[in-house]
1. Would you confirm whether any residue within the stretch 232-251 is assigned to a helix (DSSP H, G or I), closer than 18 Å to Phe151 by Cα and open to solvent by 70 Å² or more (accessible area, probe 1.4 Å)?
2. From the list Val177, Val191, exactly one residue is within 17 Å of Thr101 (Cα to Cα) and at pLDDT 80 or above. Which is it?
3. Just for helices (runs of 4 or more DSSP H) wholly inside the stretch 49-144: which have at least 2 residues that are modelled with pLDDT of 80 or more, out of contact with any strand residue (DSSP E or B) (no Cβ under 9 Å at 6 or more places or on another chain) and surrounded by fewer than 15 Cβ atoms within 10 Å (Cβ to Cβ)?
4. Would it be correct to say that Ala190 is aliphatic (A, V, I, L, M), without any contact (Cβ under 8 Å) to a residue 24 or more places away in the chain and buried (at least 17 other Cβ atoms within 10 Å of the Cβ)?
Amino acid sequence: MREKMLQGKNRNPGVSAGKTAREKIVLEEIPINQRQKREVLQNIARVAEEKKYAYCPSFWDIFRGQLKYISRFCLGGQLLCLFLTVLLLGYFQWKEESVFTYLGTASAASSAMGIFLMMELNRSSAIGMMELEQTCYLNWKQVWCVKMILFGCLDILLLTVMVAVIAGNTSCGMFRVLVYLLVPFLLSNAVQLLVFTMLRGRKGEYLQAGAAAMCGMVSLIPLSSPKWYAKAYFGLWLFALAAAAACLIREISLVYRKMEEGEMVCWD
């Protein structure tokens, strides 16, 4: 009798209480509408597919978004030069000027065409603007690309107008006139890019303007001897065009390499 009482005292009261609690907990089965469940899951999948995890803007969206970073002074100056050049060519056409007047004026204008683009690029790289854009997570390579495309289109438009007017009022063909104007244009841009890569700041801007003026004066040298525009010397113009194009391509490649390597950022 005593042993039975001891065995009853040694039993664990917590185990028996837990068993009783588990026996009393009964989970009610909730009815699920399979059709509604399927519709909800389909709506969730559709919303997940429509959600854009990575925004990939188009070229036009990038171009339109970066236009606000372009200086109105440089863009207005480029448009003003375009308007004045067209007006001056119309005046020459009205006065029936000689071919050398057309070529001299157009050569000087071709040499000065890239000055506003260089001023705009210099403005972006001076006074810590490049570092600021990099800090604000702006893709300054896209900004520069938009600037080059915009100003390049305006330059091409001006070149097209000058070539069409000169070829229509002189005995030179369109191809010859195009070569005569492309030589000073490419040479001037190559020299200005060279100055741009060598210097950074407001001083570089003045030197770029001086380089454009120097190239403009050099482009007027063939006017001292009309024979330079004869067909016999056209091969020399083609050689000069190839050399100027090679120099410009080299300078553009150098600028792009410095942008890729980050050499142009945080450099005083």
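1. For the stretch 232-251, residues assigned to a helix (DSSP H, G or I), closer than 18 Å to Phe151 by Cα and open to solvent by 70 Å² or more (accessible area, probe 1.4 Å): present.
2. On the way: Val191 fails: within 17 Å of Thr101 (Cα to Cα).
Answer to the selection: Val177.
3. Of the helices (runs of 4 or more DSSP H) lying wholly inside the stretch 49-144, those with at least 2 residues that are modelled with pLDDT of 80 or more, out of contact with any strand residue (DSSP E or B) (no Cβ under 9 Å at 6 or more places or on another chain) and surrounded by fewer than 15 Cβ atoms within 10 Å (Cβ to Cβ) span 72-95.
4. On the way: aliphatic (A, V, I, L, M): yes; without any contact (Cβ under 8 Å) to a residue 24 or more places away in the chain: no; buried (at least 17 other Cβ atoms within 10 Å of the Cβ): yes.
Judged against the criteria, Ala190 is not a match.
The values are calculated or read from the model by the stated rules, or taken from the named source; none is laboratory data. In this text, all values refer to a predicted model and were calculated from it rather than measured experimentally. Glycine gets a Cβ as well: all are built from the backbone with ideal geometry, and neighbour counts include every protein chain shown. Ligands, DNA and RNA are stripped out before the accessible areas are found, and what is left, the full protein with its side chains, is counted by its heavy atoms. Shrake-Rupley method; radii C 1.70, N 1.55, O 1.52, S 1.80 Å.
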